[in-house]
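Values in this text are rule-based calculations from the coordinates and carry no lab data. Keep in mind the model is a prediction, meaning the values are calculated, not measured. Virtual Cβ from ideal backbone geometry, glycine too; neighbours counted across all protein chains shown.
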Amino acid sequence: GGVTIDYAASKGGIGQLTKALANEWAAHGVNVNAIAPGYTDTNNTQALRDDPERSKALLDRIPAGRFADPSEIAGAAVFLSSDAASYCHGSVVTVDGGWLARERNDMTNSLTGKTALVTAAGNGIGRA
């Protein structure tokens, strides 16, 4: 399987909910932030890790070349829960081994010769 529409929408929704709640609650001394973890060595990813073909395909796309250890995700939670993050409001901390930072030649190549317009709100309009 790949990323489904419902999964992508829920991930985007969490990010926007984090920002909205941060805007409402910051004045009350409440920090609202989120963590966006990458593939992590947990029971949820066991089937992926046990499948040599799927595991290799994922690991080849993660710049760090490995799944995260849960303690690496916990480190972000510790930071966001600490006084060091007292001025962090509405942040989504990405802990993904570089997954989102990787070069996206596959996307760029698929858009060659196409027309798209993205508004300031991020809504895509136009034609492809």
Residue in the range 57-66 that is small (Gly, Ala, Ser), under 19 Å from Asp96 (Cβ atoms) and in contact with a strand residue (DSSP E or B) (Cβ under 9 Å, 6 or more places away or on another chain) present: no
Per-region count, the range 1-44, residues outside any helix (DSSP H, G or I), surrounded by fewer than 10 Cβ atoms within 10 Å (Cβ to Cβ) and hydrophobic (A, V, I, L, M, F, W, C): 1
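Please determine whether any residue of the range 45-59 is part of a helix (DSSP H, G or I), within 18 Å of the chain's Cα centre (by Cα) and loosely packed, with under 15 Cβ neighbours inside 10 Å. Break it down into steps so the answer makes sense when it comes.
Narrowing the range 45-59 to residues part of a helix (DSSP H, G or I): 45-50, 52-59.
Now restrict to residues that are within 18 Å of the chain's Cα centre (by Cα): 45, 58-59.
Going one step further and asking which of them are loosely packed, with under 15 Cβ neighbours inside 10 Å, we end up with none.
The answer is no; no qualifying residue exists.
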Selection count, the range 40-78, where residues are without any contact (Cβ under 8 Å) to a residue 24 or more places away in the chain and hydrophobic (A, V, I, L, M, F, W, C): 7
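Looking only at residues that are in a loop (DSSP other than H, G, I, E, B) and within 15 Å of the chain's Cα centre (by Cα) in the range 85-102, which one is surrounded by the most Cβ atoms within 10 Å (Cβ to Cβ)?
Here is the first cut: in the range 85-102, the residues in a loop (DSSP other than H, G, I, E, B) are 86-91, 96-98, 102.
In the following step, the residues that additionally are within 15 Å of the chain's Cα centre (by Cα) were identified as 90-91, 96-98, 102.
Values: Gly90: 18, Ser91: 17, Asp96: 20, Gly97: 22, Gly98: 13, Arg102: 13.
My answer is Gly97.
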Cβ pairs under 6 Å, 6+ apart, first in the range 92-104 and over 15 Å from Ile14 (Cβ atoms), second assigned to a loop (DSSP other than H, G, I, E, B): Gly97/Gly38; Gly97/Ile62; Gly97/Ala64; Gly98/Pro63; Gly98/Ala64; Trp99/Gly38; Trp99/Ile62; Arg102/Pro63
Single condition Ser71 does not satisfy, out of (1) within 24 Å of Trp25 (Cβ to Cβ); (2) assigned to a helix (DSSP H, G or I): (1)
Hits in the range 6-49 (condition: touching a Phe, Trp or Tyr at 6+ places or on another chain (Cβ under 8 Å) and among the charged types (D, E, K, R)): Asp41, Arg49
